[in-house]
Amino acid sequence: MTTADETPFARLGGEPGVRRLVDRFYDAMERPEVALLRQLHPPSLDGSRDKLHWYLCGWLGGPPLYTSKFGHPRLRARHFPFAIDTVARDQWLACMQLALDEQVADLELRAWLGEKLTSLADHMRNQPA
């Protein structure tokens, strides 16, 4: 998908591109059809926005902002206190797909991100069905 010099992070537009994606993702969470997902988050999403931004920067091949602040992400362990079932996963993916569709013009990159983020979201499920 990329060369050594062309990471997904760079193709997305670096930190500003990742921030736009993350902000659109969290904005999408305010829609009524994803109320279950929104209820899993604190009233203010500011901290969540920052943490996802920091995580995605490193995950996409950019600077390891999250790990430099918090160490290994341990995503599944950090999310285990929250009941994440198939409905929550699907709502998360719907918000992320909306953000990808609106913020990522590069179709190849959008498809790659969609595939990788779907695997990540499925890994986060900790409840049956």
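Among TRP59, TRP112, TRP92, which comes first, then next, by fewest other beta-carbon atoms within 10 Å?
TRP112, TRP59, TRP92
Calculate, for SER68 and HIS123, the FRET efficiency according to 1/(1 + (r/R0)^6) with r their C-beta to C-beta distance and R0 41 Å; round to the nearest 0.05.
Efficiency, rounded to the nearest 0.05: 0.95.
Where is the GNM fluctuation largest for the chain (alpha-carbon springs, 10 angstrom cutoff): GLY61, GLY47, GLY13?
It is GLY47.
Starting from the Cα gyration tensor of the range 53-129, multiply each eigenvalue by 5, take the square root, and state the resulting semi-axes largest first in whole Å.
21, 19, 9
Between GLU115 and ALA35, what FRET efficiency comes out of the Förster formula 1/(1 + (r/R0)^6) with R0 = 22 Å and r the beta carbon distance, rounded to 0.05?
Calculated value: 0.25.
To the nearest 500 deg cm²/dmol, what mean residue ellipticity at 222 nm is calculated for the chain from DSSP H runs of n ≥ 4 alone, each contributing -39,500 (n - 2.57), summed and divided by the residues?
Computed ellipticity for the chain at 222 nm equals -20000 deg cm²/dmol.
For a distance above 20 Å, tell me the whole-number percent of Cα pairs in the chain that qualify.
Summing the P(r) tail past 20 Å for the chain gives 44 percent.
Every read-out reported here was derived from the displayed coordinates using simple, explicitly stated rules and does not represent laboratory data. Remember, it's a predicted structure, so these values are computed and weren't measured experimentally. Cβ atoms come from the backbone with ideal geometry, glycine included; neighbour counts cover every protein chain shown.
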